[in-house]
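In what follows, a single structure is set out as structure tokens and then discussed.
Read-outs throughout are calculated quantities, based only on the coordinates presented, and are distinct from any laboratory measurement. Being a predicted model, the structure only gives us computed values, none of them experimental.
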Amino acid sequence: MALIFCSHCGKQVSDKATTCPHCNAVLQAGQPQVQPQTAQQPFQQNTNATQQSVYVNVPGKQSNGIGTTGLVFAILGIFLGWIPILGWIIWFFGALFSFIGLFKSPRGCAIAGFIISFIWVIVVVFVVGSIGAFSLFN
């Protein structure tokens, strides 16, 4: 089986083919074939075609600024929460902003900040309870 070149698009096709598989042009037995040098040239098909624009809607990155702020305050609240009044205010803002951020999308940072805020509360209750229990028995 020999390969020939389509006289319409210049691509290689089988000598047994009756139509070109690339451009669907009808191949005739006596039709002159394009030389391989010509086949390397760029092919322009249907130069009268109208150009159409295709618009693709790509969603941008979403962010939840209030939820991220809540996460930052919650993490700061862990480290500064042991400082009276200042630490408590930071913790409160972390819990508040994280709670508000739960109602916006994406929720990842808001959920993390909310959980961290209340883990801190559990730790404080445990520490204060331990100190109180220790002072009762001594």
### Query
Contour minus end-to-end for Ser14 and Ala133, with contour as 0.36 nm per residue of separation and end-to-end as the Cα-Cα distance?
33.6 nm
### Query
Between Rg and the Kirkwood Rh of the range 65-136, both from Cα atoms, what is the Rg to Rh ratio?
1.09
### Task
Any lysines with Cα under 27 Å of the Lys104 Cα? List them, leaving off those in the same chain fewer than 8 positions away.
Lys61
### Task
Enumerate the calculated ³J(HN,Hα) couplings along the range 91-105 in order (Karplus 6.51 cos²θ - 1.76 cosθ + 1.60, θ = phi - 60°), each rounded to whole Hz, writing x wherever the residue is Gly or Pro.
4, 4, 5, x, 5, 5, 5, 5, 5, 5, x, 5, 9, 10, 10
#### Entry: From phi via Karplus (6.51, -1.76, 1.60), per-residue ³J(HN,Hα) for the range 122-129 in Hz, x at Gly/Pro
4, 5, 5, 4, 5, 5, 5, x
